[in-house]
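Worksheet: the structure to be examined is printed underneath.
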Amino acid sequence: MTSFAALHVPGRPLLLPNVWEFGFAASLAAAGYPAVGTTSLGVSAAAGLADGAPASRAATVALARTLAPLDLLVSVDIADGFSTDPAAVADLVAELAEAGAVGVNLEDSRADGTLVPLDVQLTLLQTVRERVPGIFLNARTDTQWLGAGPVSETITRARMYADVGADGVFVPGLAEPADVTALVEAVEVPVNLLYLPGKVTLSGLASLGVARVSLGSTPYRVSLAAALATVDAVQNDAELPLAPPSYGNVVALLPEHSS
């Protein structure tokens, strides 16, 4: 199997679908996708918890273990690490690596909508890098997502995150071509952006040198819309909005029952 790092090719980006349960991930594996990420929103919501809540740590690890047997590579979204203690976050990443995950996303925003101080985030990233040297550490900065600073601040954080060992940088919210180009040219690690419907396209981001495009919570939110539209269609004697896979096709994706 191709290594996860090798899938990050500037100009030919890895499209990373984000999953929250086994069935969707198994469908992607069967369709030939080489890798998936998890979505903190989907995992938390499925467990009835707030996005990125510390209590969703257990569900996040459990999902990683459930996905491990699939024939694809798994990167796990761990939000802010579910802790302010760098050692505890590093322990989590080590646990995920032991469970079979090949990468993690670690972000620099807090639940209150503020950014973690730069020196604190650098310490966190460095601690994780030293504890788990083999995992693909994707450092997410939310400067653009939160509107917390100019692109120059984003570039500063991205470069410093790479300097302390991040394998890639993730900047959700960045979409303007000139800004994307400036970031790609400023850092020496793969740049990961978030797919924003109506604002960016995969081919457009490829032309700017992006190496990875994540779908984030979009598949989860679309699934909610599709499920509700299905109920509404039945209620109104209308055609189903989408043709679902058969029961048998879904069962075929699942692990066999153990005796």
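Do we find a residue being assigned to a helix (DSSP H, G or I), of a type in the set (A, V, I, L, M) and within 18 Å of the chain's Cα centre (by Cα) anywhere in the stretch 101-123? For the stretch 101-123, residues assigned to a helix (DSSP H, G or I), of a type in the set (A, V, I, L, M) and within 18 Å of the chain's Cα centre (by Cα): absent.
Hey, does the stretch 200-216 have a residue that's loosely packed, with under 11 Cβ neighbours inside 10 Å and modelled with pLDDT of 95 or more? Give the steps one after another, and end with the answer.
Filtering the stretch 200-216 for residues loosely packed, with under 11 Cβ neighbours inside 10 Å gives 203.
Filter once more, so that each one left must be modelled with pLDDT of 95 or more: 203.
For the stretch 200-216, residues loosely packed, with under 11 Cβ neighbours inside 10 Å and modelled with pLDDT of 95 or more: present.
Within the stretch 224-259, if we keep just the residues that are surrounded by 11 or more Cβ atoms within 10 Å (Cβ to Cβ) and touching a residue at least 40 places away in the same chain (Cβ under 8 Å), the residue that is nearest to Ala31 (Cα to Cα) turns out to be Leu253. Of the strands (runs of 3 or more DSSP E) contained entirely in the stretch 157-259, those carrying at least 1 residues that are charged (D, E, K, R) and either closer than 18 Å to Thr38 by Cα or in contact with a His (Cβ under 9 Å, 6 or more places away or on another chain) (or both) fall at 212-214. Exactly one residue out of Leu96, Leu73 is surrounded by 19 or more Cβ atoms within 10 Å (Cβ to Cβ), touching a residue at least 40 places away in the same chain (Cβ under 8 Å) and touching a helix residue (DSSP H, G or I) at 6+ places or on another chain (Cβ under 8 Å), and it is Leu73.
Every test in (1) surrounded by 21 or more Cβ atoms within 10 Å (Cβ to Cβ); (2) in contact with a Lys or Arg (Cβ under 9 Å, 6 or more places away or on another chain) is passed by Gly149 save one, and that test is (1). Gly81 fulfils the conditions (1) free of Cβ contacts under 8 Å to residues at least 40 places away in the same chain; (2) on the phi > 0 side of the Ramachandran plot except for a single criterion, (1). Could you please give the count of residues in the stretch 48-69 that are outside any helix (DSSP H, G or I) and either surrounded by fewer than 19 Cβ atoms within 10 Å (Cβ to Cβ) or hydroxyl-bearing (Ser, Thr, Tyr) (or both)? The total comes to 7.
The values are calculated or read from the model by the stated rules, or taken from the named source; none is laboratory data. Since this is a predicted model, take the numbers as computed values, not measurements. All Cβ positions, glycine included, derive from the backbone under ideal geometry; neighbour counts span all protein chains shown.
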